[in-house]
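A short reminder: the numbers here are calculations on the coordinates, not readings from a lab. Nothing here was measured: the structure is a model prediction, and the numbers come from that model. Here the Cβ is made from the backbone with ideal geometry for all residues, glycine too, and neighbour counts use every protein chain on show.
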Amino acid sequence: MSMISYPFGYTRAKSLAEAQALLAKTPEAKLLAGGQTLIPTMKMRLAQPSQLIDISGLKELSFIRVSGDAVVIGAATRHFEVMNSADVKRAIPALADLAGGIGDPAVRHVGTLGGSVANNDPAADYPAAVLGLNATVKTTKRTIAADDFFTGMFETALQDGEIVTEISFPAAERSAYAKFRNPASRYAMAGVFVAKTKNGVRVAVTGAAPCVYRETQMEKALTAKFSPDALADIEVSPDGMNSDIHGSAEYRANLVTVMAKRAVAAALNG
Amino acid sequence: MTTVSMTVNGKAVSENVEDRTLLVYFLREQLRLTGTHIGCDTSQCGSCVVHVNGRAVKSCTMFVGQVEGADITTIEGLAKDGKLHPVQEAFRENHGLQCGFCTPGMIMTAVDMIRRKPELDRDTIRHELEGNICRCTGYHNIVSAIEDAANKMRGGKEKAA
Ligand code: FES
Ligand code: FES
């Protein structure tokens, strides 16, 4: 009786310190940070942790705070809180928008920022914002720059026993996120986060390739001229893009351009 | 086995569960509250939606341990003193169900939606139903039912004020 076809242990951590101690004692344990990706993955047995440590209820990791021109969000903050936060909407409206487009209302009530980022699902939305805004990931051990954090499909720079505690998103002059959803699963087949800052433009792509990445030719063109037609002559290479029954690599490469143009147009209007 | 305690439809419950138990199975098989349905194993259909501390969640995508101490409402907890909730009433009046399989999840989603957004238009309702699938494809009347319920509940509040 359970629908998860194998037994495992579940412990709810009462504090970050307790979560760290539990993790040190049971290195094979996996953190449960909301579970909106992990639980479906466990149902399909694509993940089979023998022990779960639930950190989704940690109040000390659930906050949104403005610090200088950055918004700092605790790892256990729900997507629902981010989409509705007046601080996020004021400082980085694109981030509130992105959070409001994750999954559906019931998923947004439970899923967390830290869970999404630590899991680094190739089709997750948050990694695009982290990389696009050049955010900094703070953990129980150190701070990690976005460019160093996402290392591959479902892979990050996180080490064993390391827990994401908060992410600091610097505000951009303009930014926007545009995604094309798979009509059935509703996951991003391509999602592009564009951010214009005083240090230039960053373009982060999720959904199209095995891992979120930066489209550097677009960044160069948009830094020179921040307009959708600056992308007219850029050919995104399909090499290494995902290819499956939902769309070929060429199709996804084209979607990246289309979504990038939409994101730039939205950033200009926002 | 672990003991979990929570409030379900206003009643305190305390039960022994296996750690791997999903909330939906706990409700259906241990508490015999079978109004909450299971329509998929991919978190997509929404037939399992219940409220945890007043917010709609997919009970197939939570372990029962995650709701320790929480206040849970299921479809069985909506009617009060033998009187249907206004959203239930509106589903009946607007023919918002065909086979009825998706209905408990639709109604729990609608109650949460109206609480968050009392001013609902049809577009917003369709958007908010992103995570609920009706296999009978009866969306048109589901949207009408939610719109009707929202209007009536708003009217009720204005009169009461
Ligand atoms: S049974 Fe929960 S979403 Fe389908
Ligand atoms: S009424 Fe049959 S699934 Fe919706």
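Summary table
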| read-out | value |
| --- | --- |
| Long-range HN-HN contacts of B:Ile133 with modeled amide H, under 5 Å | B:Gly46, B:Ser47 |
| HN-Hα J in Hz across segment A:120-128 - Karplus 6.51, -1.76, 1.60, θ = phi - 60°, x for Gly and Pro | 6, 4, x, 9, 6, 7, 3, x, 5 |
| Neighbour-count ranking [beta-carbon atoms within 10 angstrom, fewest first] of A:Thr139, A:Thr197, A:Thr112 | A:Thr197, A:Thr139, A:Thr112 |
| Estimated translational D of chain A in µm²/s (Stokes, Kirkwood radius over Cα pairs; 37 °C; 0.692 mPa s) | 174 µm²/s |
| Sequence of A:Ser243, A:Ser85 once ranked by neighbouring C-beta atoms within 10 Å, starting from the fewest | A:Ser243, A:Ser85 |
| Residue order, fewest to most beta carbons within 10 Å, for B:Cys40, B:Cys45, B:Cys99, B:Cys136 | B:Cys99, B:Cys136, B:Cys40, B:Cys45 |
| Calculated [θ] (222 nm, deg cm²/dmol) that DSSP helices of n ≥ 4 give over chain B, each run adding -39,500 (n - 2.57) | -10000 deg cm²/dmol |
| Coordinate range along principal axes, alpha carbons of segment A:12-146, Å, largest first | 42, 30, 24 |
| Ratio Rg/Rh [Cα only; Rh per Kirkwood] for segment B:86-153 | 0.90 |
| ³J(HN,Hα) computed for each position of segment B:5-20 - Karplus, 6.51 cos²θ - 1.76 cosθ + 1.60, integer Hz, glycine/proline x | 10, 6, 10, 10, 6, x, 10, 6, 10, 9, 9, 8, 9, 6, 4, 7 |
| Among B:Leu97, B:Leu23, B:Leu31: highest mean-square fluctuation, GNM of chain B, C-alpha pairs under 10 Å | B:Leu31 |
| Cα centroid separation, segment A:75-127 to segment B:22-39 (Å) | 28 Å |
| Antiparallel bridges, percent of DSSP beta bridges restricted to segment B:2-77 (to nearest 5) | 90 percent |
| Sum of -39500 (n - 2.57) over DSSP H runs of 4+, divided by residues of chain A (222 nm, nearest 500) | -8500 deg cm²/dmol |
| Label-point gap, in nm, between B:Arg126 and A:Asn269 - each point 7 angstrom along Cα→Cβ | 1.8 nm |
| Residue among B:Gln44, B:Gln66, B:Gln88 with the largest mean-square fluctuation in a Gaussian network model of chain B, springs linking Cα atoms under 10 Å | B:Gln66 |
